[in-house]
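A short write-up of the structure that comes next.
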Amino acid sequence: RIVGSTIVSKTTGNKIASENLKNRVFQVSLADLKGNEEFAFRNVKLRAEEVQDRRVLTNFYGVQLTTDKLRSLVRKWQTLIEAHTDVKTQDGYTLRVFVIGFTSKRQNSARKTYYAKSS
């Protein structure tokens, strides 16, 4: 799929232009990749692995939420819970997973705050 274009210096002497593109990280909105605006709050990072003529083959490098989406999730009077861990897949890849959670107000509750207890 064609997502965009990037600028690279021309091949001169011993420096090959395709070598300058390898391992370059591109950040693209998931809405651009899927063609659906519902996924506009996620940014996908892709790393260039190989160059074939005028095409660059990429590999998944990471995903992030946009800052405006993160800020819209955080509210007053609740607790923000963040955690991360490294997970190893069966095919040898290591993923670092970040999790974000929030406490929620119970139904029919008169309390103004809904904080989590610290342990």
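The values are calculated or read from the model by the stated rules, or taken from the named source; none is laboratory data. Since we're looking at a predicted model, the values are computed, not measured. Please note: Cβ atoms are built from the backbone with ideal geometry, for glycine as well, and neighbour counts cover all protein chains shown. The area values use the complete protein model at the heavy-atom level, side chains included, leaving out ligands, DNA and RNA. Shrake-Rupley method; radii C 1.70, N 1.55, O 1.52, S 1.80 Å.
Yes/no per residue for (1) under 15 Å from Ile2 (Cα atoms); (2) of a type in the set (S, T, N, Q); (3) in contact with a strand residue (DSSP E or B) (Cβ under 8 Å, 6 or more places away or on another chain):
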{"site": "Ile16", "(1), (2), (3)": "no, no, no"}
{"site": "Val25", "(1), (2), (3)": "no, no, yes"}
{"site": "Leu30", "(1), (2), (3)": "yes, no, yes"}
{"site": "Asn36", "(1), (2), (3)": "no, yes, no"}
{"site": "Phe39", "(1), (2), (3)": "no, no, yes"}
{"site": "Arg42", "(1), (2), (3)": "no, no, yes"}
{"site": "Val51", "(1), (2), (3)": "yes, no, yes"}
{"site": "Arg55", "(1), (2), (3)": "yes, no, no"}
{"site": "Tyr61", "(1), (2), (3)": "no, no, yes"}
Subject >> Number of the condition not met by Lys117 [criteria: (1) more than 20 Å from Lys45 (Cβ to Cβ); (2) in a strand (DSSP E or B)] >> reply: (2)
Subject >> Odd one out for Ala17 among (1) open to solvent by less than 50 Å² (accessible area, probe 1.4 Å); (2) of a type in the set (A, V, I, L, M); (3) farther than 26 Å from Asp68 by Cβ; (4) under 23 Å from the mean Cα position of the chain (by Cα) >> reply: (4)
Subject >> Selection count, segment 81-106, where residues are open to solvent by 80 Å² or more (accessible area, probe 1.4 Å) and assigned to a strand (DSSP E or B) >> reply: 10
